[in-house]
Structures are given as structure tokens and as C-alpha cells.
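Working notes for the structure below.
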Amino acid sequence: MLTKKGRGSFGFKIFRSFALSILFVFTAVTSLFIYYENKAARNDLYREGKMLADLLAYNARTWVFAENKEMLKDAVKGIMVQKNVRAVVIYNVDKKALLIEMKEGQGHDARNTAAQ
């Protein structure tokens, strides 16, 4: 246990300042690391979603035009096996939902979103 003389000494003040400086720098670096990693993960998820949407749009364009739901289901099956895909909704030109597919156990209902 430090005495009053020990707490007021110059060496203790230097040590305390150094320790607090290290703690502050560590906290700042950790916060920035978490921020940038979160941003990178979101960008990767966005890029993957855009790629899958473009792929589905390319593969299903004929079936959307023909409004063939059976062929659309086949095209959607390949997208639904991806781990980050929760739901797929395909719309026609009139913004009417042609096909709504969801994975089981998802909290958010894509059918409500598609109806809006």
C-alpha cells in the first residue's frame, strides 16, 4: 500500500501518467479497429448481395418476363443456399411480387416487406 508520501512522489506521477496514456491509446486503437472491421464487413456483405442479385437477375430475366413461377423457383434455389441470404423477392415490371422465398426461422417477414 502506498503512503501519502509515495503517492505524491514524482516517480509515481510519471508512472500514473504513462499508464493512463497507454490505456487511452489502447482504447482509441481498439475502437478504430472495431469501426474499420465493421465497415469492411458491411461492404463485403453489400458487395456479395449485389453480386447475387445481379446473377439472379441475369439468370431469371426470361422467366420474369414470362412470369413462370416454377422456373423462377429453380433460379432462386441456387441463391437461397448461400449462408448470408435470408429471403428473395422477385418483382415484375408492375412491381407486383412474383415470388417470395424465405429461409425458415427468420425473425423478419419478407412477405410484409414485399407487400409494401
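Given R0 = 25 Å, the distance between the Cβ atoms of ASN43 and TYR91 translates into a calculated FRET efficiency of 0.45. Simple spin-label estimate for GLU70 and ARG16 gives 8.1 nm between the two label positions (7 Å along the Cα-to-Cβ direction from each Cα).
Surface exposure of the stretch 1-90, expressed per residue as accessible area with a 1.4 Å probe, stands at 85 Å².
The values are calculated or read from the model by the stated rules, or taken from the named source; none is laboratory data. Note that the structure is predicted; figures quoted are calculated from it, not measured. Backbone-built Cβ (ideal geometry, glycine too); neighbour counts: all protein chains shown. The protein model used for the area step is the full one, side chains on, heavy atoms only, and it has no ligands, DNA or RNA in it. Shrake-Rupley method; radii C 1.70, N 1.55, O 1.52, S 1.80 Å.
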